[in-house]
């Protein structure tokens, strides 16, 4: 009589009767993760369903070709998939390290992925790196200073060639050109959005959610997000998105 180890029989029994969906999510994202590591933007786009939505600190609600265009901006970075975890049926978390060949160094983030028919139906990506206290303090100072409409103080927050840009200032403003932007803000208070967050972006910027109110009131005008590039304790670039 041939001996069959009990552990082998048990493993076979478990593998036979557990639902295959418990093992499917991670394997269904292999092509996607390999495409990021290879900078293959066509395959990255192909991993998504036609109506899929991609969201992170920069691209909020990207679909179709917008995802591929965004992925192309990371061509100089190196991606390492540190681990993947099936969190539920058809849901998987991919934990990444992205390294830039400059002072930005290595950043970490996680992709929360929902799958449908082996395609990505939704992806929300967020940083897992903490924002240093000094950076967070600088961001808070930035908003309180804008609310004060103190021109010298606001200008001092920007580096020598630092610039501010939004949809009303599409070409960007720096130096004395900031005066017109500051003048526009005199009637408003700008605050950190308590319902939002301050976080790293994949390209080494700080994304900060903000709210704008009419001066001295609780009447909110807009809610948006600033994308901030900080260097040597000053703002090298701020892009307001709202």
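The values are calculated or read from the model by the stated rules, or taken from the named source; none is laboratory data. Because the structure is predicted, anything quoted here is derived from the model rather than measured. Virtual Cβ from ideal backbone geometry, glycine too; neighbours counted across all protein chains shown.
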Filter segment 72-97 for residues that are under 19 Å from the mean Cα position of the chain (by Cα), surrounded by 12 or more Cβ atoms within 10 Å (Cβ to Cβ) and in a loop (DSSP other than H, G, I, E, B) and give the result. 73, 74, 77
Taking segment 175-227 as the region of interest, how many residues are loosely packed, with under 15 Cβ neighbours inside 10 Å, touching a strand residue (DSSP E or B) at 6+ places or on another chain (Cβ under 9 Å), assigned to a loop (DSSP other than H, G, I, E, B) and at negative phi? 6
Restricting attention to segment 146-159, the residues that are under 24 Å from residue 58 (Cα atoms) and assigned to a helix (DSSP H, G or I) number exactly 2
Report the residue count in segment 160-174 for those that are assigned to a loop (DSSP other than H, G, I, E, B) and either in contact with a helix residue (DSSP H, G or I) (Cβ under 8 Å, 6 or more places away or on another chain) or farther than 16 Å from residue 234 by Cα (or both). 2
Residue 108 versus (1) closer than 15 Å to residue 201 by Cα; (2) in contact with a helix residue (DSSP H, G or I) (Cβ under 9 Å, 6 or more places away or on another chain): which is the lone unmet condition? (2)
Which pairs turn up if I take residues in segment 190-206 that are at pLDDT below 95 and look for partners that are in a strand (DSSP E or B) and surrounded by fewer than 17 Cβ atoms within 10 Å (Cβ to Cβ) with beta carbon separation below 7 Å, at least 6 apart in sequence or on another chain? 193/223
Can you name the condition, by its number, that residue 166 falls short on among (1) closer than 30 Å to residue 95 by Cβ; (2) within 19 Å of the chain's Cα centre (by Cα); (3) surrounded by 16 or more Cβ atoms within 10 Å (Cβ to Cβ)? (1)
Is it fair to say residue 240 is farther than 16 Å from residue 128 by Cα, in contact with a strand residue (DSSP E or B) (Cβ under 7 Å, 6 or more places away or on another chain) and surrounded by 13 or more Cβ atoms within 10 Å (Cβ to Cβ)? yes
Residue 88 fails exactly one of the following numbered conditions: (1) modelled with pLDDT of 95 or more; (2) farther than 24 Å from residue 224 by Cα. What is the number of that condition? (1)
Among the residues of segment 98-113, write down those that are surrounded by fewer than 19 Cβ atoms within 10 Å (Cβ to Cβ) and either at pLDDT 95 or above or under 17 Å from the mean Cα position of the chain (by Cα) (or both). 99, 100, 101, 102, 104, 105, 106, 108, 110, 112
Just the residues that are without any contact (Cβ under 8 Å) to a residue 60 or more places away in the chain and either surrounded by 14 or more Cβ atoms within 10 Å (Cβ to Cβ) or touching a helix residue (DSSP H, G or I) at 6+ places or on another chain (Cβ under 6 Å) (or both), please, taken from segment 149-159. 149, 151, 153, 154, 155
